[in-house]
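For reference, the structure is listed below as structure tokens.
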Amino acid sequence: MSTTNILEELQQSYLSNLPARLEEMESLVLELEKGCKFQENFEALYRNVHSIKGSGGTYGFTIISSICHQLEDFLSDEISDKDNIEQSNVNIIFAHIDLLKETHDLLIHGNNRFSKIETKLHKIKQQTSNPKLRALIIGSMNNVYGQICSQILHDANIQYSTTTSSITAIQRLLHEQFDLLITSRENPELSGTALIAAMKLDKKNKKNNLSIKSILITSNPKLEVPKELEPDYVIVKSEYFSKKLSEALDNIITEA
């Protein structure tokens, strides 16, 4: 059996099992509403979303991964540290599940046009948004600069998601709304300068991120890219890193 046929079988198996997994998610949300074993049911719901997201990306269903990314972020930001759930948050979770069902219906009928799904996903995000900005960070958060970055974003009341994969970042930028992209220069798959340049060049990508700002974190400030493709801010790893990053974020918040 060819690799293509194996992938197609795995994709079909994933899509066949997806409705049952979405039903399980709905049941878990209803249990959360009841307040019984809240933390246990929350963790089960989060694991389910995370698993669907990961498998969706593995089998090439990036739109499913994007929906789950947004839902995963919502669960982390709004519910993870609570012991009950508000009705408005229940509605938001069910809206994501309904969107996953709609996406599933498109996929099983061979429809790969997801512009309406992306629009609905953005509208759901708008319902949950407060005035703080939303950032996507590419790079490790375990080193000293990552930890400083995390603390400064938290202090600035900026919501952020992280990934170490440039490819995942591109997929998220295609389907989700962000105000800010922060990337290290040294990424395994695609350098930070190349990623920012591609984002600025690709008008199709920018349909969801027309006014996104970019920050490049690097040890070497010599970029060697055309000026129009340069990051909005370059923050050099030095003793002034914290100060320069805070100043850049202040400017971005002021301009937003």
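Every read-out reported here was derived from the displayed coordinates using simple, explicitly stated rules and does not represent laboratory data. From a predicted model like this one, the values you see are computed outputs, not experimental measurements. Virtual Cβ from ideal backbone geometry, glycine too; neighbours counted across all protein chains shown.
For the reader, a short list of remarks on this structure follows.
- On Cα atoms only, tilt of 115-128 relative to the major axis of the chain in degrees: 80
- Cα gyration tensor shape for the range 79-146, rounded if a/c is under 1.5, else prolate or oblate: oblate
- Residue-by-residue Karplus 3J(HN,Hα) for the range 50-56, coefficients 6.51, -1.76, 1.60, Hz, glycine and proline x: 4, 5, 4, 4, x, 5, x
- Counting all C-alpha pairs of the chain, share separated by more than 25 Å (%): 48
- A full extension of the chain between Asp98 and Ile253 corresponds to an added length of 52.5 nm, given 0.36 nm per residue minus the alpha carbon distance.
- Contact order for the chain, expressed relative to its length and based on alpha carbon pairs under 8 Å spaced 6+ residues apart, stands at 13 percent.
- Shape category assigned to the range 3-128 from the gyration tensor of Cα positions, a/c cut at 1.5: prolate
- When each of the peptides 171-178, 60-67 is scored by how many other beta carbons lie within 10 Å of its residues on average, the order from highest to lowest is 60-67, 171-178.
- Among Lys237, Lys222, Lys116, the largest mean-square fluctuation in a Gaussian network model of the chain, built with springs joining Cα atoms closer than 10 Å, belongs to Lys222.
- Shape of the range 134-255, Cα gyration tensor, a/c cut at 1.5: rounded
- If you count Lys pairs in the range 3-128 whose Cα atoms are under 30 Å apart, skipping same-chain pairs closer than 8 places in sequence, the total is 25.
- Most mobile of Cys149, Cys36, Cys68 in a GNM of the chain (Cα contacts under 10 Å): Cys36
- Part-to-part distance (alpha-carbon centres) for the range 1-69 and the range 144-191, which is given in Å: 24
- The GNM of the chain, with springs linking C-alpha atoms under 10 angstrom apart, assigns the highest mean-square fluctuation among His122, His96, His154 to His154.
- Lysine-lysine proximity count for the range 142-252, Cα under 24 Å, sequence distance 8 or more or distinct chains: 21
- As a length-normalised measure over Cα pairs under 8 Å and 6 or more apart, the relative contact order of the range 3-128 settles at 26 percent.
- Of the residues Leu190, Gln159, Leu201, the one whose Cα sits farthest toward the positive end of the charge dipole of the range 134-255, with +1 on the Cβ of Lys and Arg and -1 on the Cβ of Asp and Glu, is Leu201.
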